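The values are calculated or read from the model by the stated rules, or taken from the named source; none is laboratory data. Since the structure is predicted, the reported quantities are computational estimates derived from the model, not experimental observations. Every residue, glycine among them, receives a Cβ derived from its backbone with ideal geometry; neighbour counts consider all protein chains shown.
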Amino acid sequence: QVHLVESGGGLVQAGGSLRLSCVSSGMIDTFSSMGWFRQTPEKPREFVAEIYSGGLIKYDESVKGRFTLSRDIRKKTMYLQMNSLKPEDTAVYYCKAVNRYDFWGQGTQVTVSS
């Protein structure tokens, strides 16, 4: 069983920045992938960014150039640096890790005011 805990969400004005963290109870370099997803009450959970075991990182087009995914293997932590935030980035952000199973964190709320 893997436990994931997100933090770093909050309220920020449009154009501002936040950095989300996802701390894993397990070694993150053993996962086939780790990523960030987000969800609002109006839409299903959607992909934001993901890193694969070979180091490849993919981003959704809506966040390319603004968000940066990184990880610190020693700290068992994945990050999402979010810059130039827009009101449409408002959502609950979830961390996901995959090995034989999918594991999800509890989510952290990000609210961007206009």
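What to note about this one:
- Filtered residues of segment 20-70 (kept if modelled with pLDDT under 95 and of a type in the set (Val, Ile, Thr)): 28, 30
- Screening the chain for strands (runs of 3 or more DSSP E) wholly inside it with 2 or more residues that are surrounded by 15 or more Cβ atoms within 10 Å (Cβ to Cβ) and β-branched (Val, Ile, Thr) returns the ranges 43-52, 91-98, 108-113.
- Of all residues making up segment 20-38, the number that are more than 18 Å from residue 74 (Cβ to Cβ) and touching a residue at least 60 places away in the same chain (Cβ under 8 Å): 6
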